[in-house]
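The values are calculated or read from the model by the stated rules, or taken from the named source; none is laboratory data. Because the structure is a prediction, the values reported are computed rather than measured. Neighbour counts run over all protein chains shown; Cβ positions are idealised from the backbone, glycine included.
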Amino acid sequence: MTAPLGELLGHVLAGEPALSDEIDEVFRRAETLRRRRTRLLLIAGAAIAATIVLAGYLLTTTLLPAEGTPPVRPAAHATAPSAVPVPVPSTIADPVLALVAPVVDAAHLRIVPRPPERGFGWRQYSVLAANGQPRGTIQVAVFARPAGLCFPRRNGKDGCAPADRAGDGVDYVRYGAGTDPDWQVNEVIARRAGDGRTVALMATGERDVTDPADATSPLSGSQVERLATDPRLLAAFGSREGCDGAASNACPVFKVPVPEAG
């Protein structure tokens with residue numbers, strides 16, 4: 001039976017490769033799969049590394065300040081003794097300046113505090129042209145005149161000048177000294193009838209200048225009037241401020257002084 005079986009199997013196995021060739025093919029396929037898996041692992045590792053680098057760059061540029069930019073520090077507690085006050089714009093620190101500045105700016109001039117700048121119940125400012133040339137001074141002061149006020153006469157004579165009445169019960173008198181070619185003045189004294197709070201506002205041109213235009217008051221008479229009778233001007237001062245008593249010696253000197261209460 002061995003010979004017929006061999007003949008029968010011989011027909012079945014005819015044309016098939018030798019057994020050794022099949023074994024080599026198995027090993028070749030396994031090596032191919034191993035290399036493919038190695039390449040996939042390398043590609044995945046490179047992608048993960050690139051993702052980590054990109055994420056680190058984004059975090060660095062987002063969370064860290066740019067070069068030359070000071071780092072952000074946490075705000076100090078308001079009651080900490082080492083807290084340093086943050087500077088604020090002059091127009092915020094000085095409400096009087098905040099009210100006067102827009103009128104000066106509209107004339108293409110600049111207004112800045114004029115040393116000694118301010119005191120208890122008064123402020124003074126320098127007005128400059130765009131090129132920095134001095135163009136005059138603006139002075140403001142408040143007074144307490146609850147018992148009444150005799151407004152000085154425009155011509156300097158004795159007696160009280162009749163006052164005009166603005167809104168909110170404010171009486172005022174305008175004074176102008178525009179005839180002096182070397183020094184022109186626009187001044188208004190205004191008193192609030194309700195409580196006697198009084199304000200004097202004076203705008204003067206620059207003195208002793210060669211160009212007559214520089215001697216012109218930086219504010220017109222009507223502008224000074226509107227500012228002096230504006231309720232916000234008195235409100236810009238502290239409720240207890242005033243050029244009265246001992247504080248009067250430090251107050252500005254006005255062309256037309258505010259008389260004492262009488």
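Within segment 98-123, residues that are more than 25 Å from ARG197 (Cα to Cα) reach partners that are part of a helix (DSSP H, G or I) and of a type in the set (Val, Ile, Thr) with beta carbons closer than 8 Å, at six or more positions or on different chains, in the pairs ARG110/VAL104; ILE111/VAL100; ILE111/VAL104. For segment 211-243, taking the residues that are of a type in the set (Gly, Ala, Ser) and assigned to a loop (DSSP other than H, G, I, E, B), the one that is nearest to VAL96 (Cα to Cα) is identified as GLY238. Checked against (1) under 30 Å from ASP214 (Cβ atoms); (2) more than 32 Å from the chain's Cα centre (by Cα), PRO102 meets all criteria but (2).
Of all residues in segment 81-111, which are modelled with pLDDT of 70 or more, in a loop (DSSP other than H, G, I, E, B) and either among the hydroxyl-bearing types (Ser, Thr, Tyr) or over 22 Å from GLY121 (Cβ atoms) (or both)? Correct list: ALA107, HIS108, LEU109. Scanning segment 188-198 finds no residues that are acidic (Asp, Glu) and in contact with a Gly (Cβ under 9 Å, 6 or more places away or on another chain).
Counted as qualifying within segment 153-203 are the strands (runs of 3 or more DSSP E) with 3 or more residues that are over 22 Å from CYS251 (Cβ atoms), namely 164-166. Looking at VAL112, VAL127, VAL103, which one is out of contact with any strand residue (DSSP E or B) (no Cβ under 8 Å at 6 or more places or on another chain) and more than 22 Å from ASP244 (Cα to Cα)? Just one listed residue meets the conditions, VAL103. Going by the conditions given, is ASP208 surrounded by 15 or more Cβ atoms within 10 Å (Cβ to Cβ), more than 21 Å from ALA147 (Cβ to Cβ) and either among the acidic types (Asp, Glu) or not assigned by TED's automatic domain parsing to the domain that holds VAL185 (or both)? Against the criterion (surrounded by 15 or more Cβ atoms within 10 Å (Cβ to Cβ), more than 21 Å from ALA147 (Cβ to Cβ) and either among the acidic types (Asp, Glu) or not assigned by TED's automatic domain parsing to the domain that holds VAL185 (or both)), ASP208 does not qualify.
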